[in-house]
1. Across the chain, how large is the tail of the calculated P(r) beyond 33 Å, expressed as a percent of all Cα pairs?
2. Do you know the relative contact order of the chain, to the nearest whole percent, from alpha carbon pairs under 8 angstrom that are 6+ apart?
3. Quick one: putting +1 on the C-beta of Lys and Arg, -1 on the C-beta of Asp and Glu, what dipole do you get for the chain around its Cα centre, in Debye to the nearest 20?
4. Tell me the mean residue ellipticity at 222 nm calculated for the chain from its helices only (DSSP H runs of n ≥ 4, each -39500 (n - 2.57), averaged over every residue, nearest 500).
5. Can you pull the one-decimal nm distance between simple spin-label points at F209 and L158, each 7 Å off the Cα toward Cβ?
6. Please work out the average accessible area per residue across the chain, using the 1.4 Å probe convention, and give it in Å².
7. Per-residue counts of other Cβ atoms within 10 Å, averaged by peptide: what ranking do you get for 44-53, 148-157, 74-83, 129-138, highest first?
8. So what's the angle, to the nearest 10 degrees on a 0 to 90 scale, between helix 175-184 and the longest Cα principal axis of the chain?
Amino acid sequence: MTFIPDLNVMLAYTAAAVILVITPGPDMTLFLGQTLTGGRARGIAAYLGASAGLVVHTMLAAFGLSALLAHSATAFGMLKIAGVAYLAWLAIDALRCGAALTLAPGTAAPQPLGQVFLVGIGINLLNPKIIMFFLTFLPQFVSASDPHAGAKLMFLGLYFIVLAIPICLVLIVLADRFTAAVRRSPRVMRAIDYLFAGLMGAFAVRLLFARSN
């Protein structure tokens, strides 16, 4: 199937995606927070909303990057180079600031699941970091000369969402234990920070060397 990248690309992408999924961000804070304050149903509703937002980001990135590639392969390459600076900034920011995941068990006023779902969509769609991330991360796994680049971008974005589902559902089910473990051992979160920073730094260096050859 022409829209599926080769095995080496898929293995590298899968490893990167898993690290990204377990790195705390606004989406994780939302669905774990909803779980701790309102129960698992609300946590799942928030997560589904965030995932719906990721589908929109995937479509926009795939069609937008495909249009850019069709117009100019050079411009597509320049976008990948611009991604070097952004990925390097993400790595440095992870080391300097770390992951912000301040969650505590509690109760909250009842909230319709549909409303929680919409909040999840809104937080995801309005997060500029996610927009920039999709525009700079996905192109690292697609060649500008690939005639099936658009389909592969779409596949990788949707694959990221599917890959995240079991991981995030486990986090929702184990929300109490997960947050308790984080509070007992902040080094766990710090280790994730280093994994994330190393991943972003590796992509930035890989891209620089790829363009210099």
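The values are calculated or read from the model by the stated rules, or taken from the named source; none is laboratory data. Since the model is a prediction, treat every value here as computed from it, not as a measurement. Don't worry about glycine lacking a Cβ; one is built from the backbone with ideal geometry, like all the others, and counts go over all protein chains shown. Quick note on the areas: whole protein, heavy atoms, side chains included, nothing else; ligands and nucleic acids left out. Shrake-Rupley method; radii C 1.70, N 1.55, O 1.52, S 1.80 Å.
1. Counting every Cα pair in the chain, those more than 33 Å apart make up 17 percent.
2. Relative contact order for the chain comes out at 39 percent.
3. 440 debye
4. -27500 deg cm²/dmol
5. About 3.4 nm separates the two model spin labels.
6. So the chain comes to 50 Å² accessible per residue, rounded to a whole number.
7. 44-53, 148-157, 129-138, 74-83
8. Tilt of helix 175-184: around 90 degrees.
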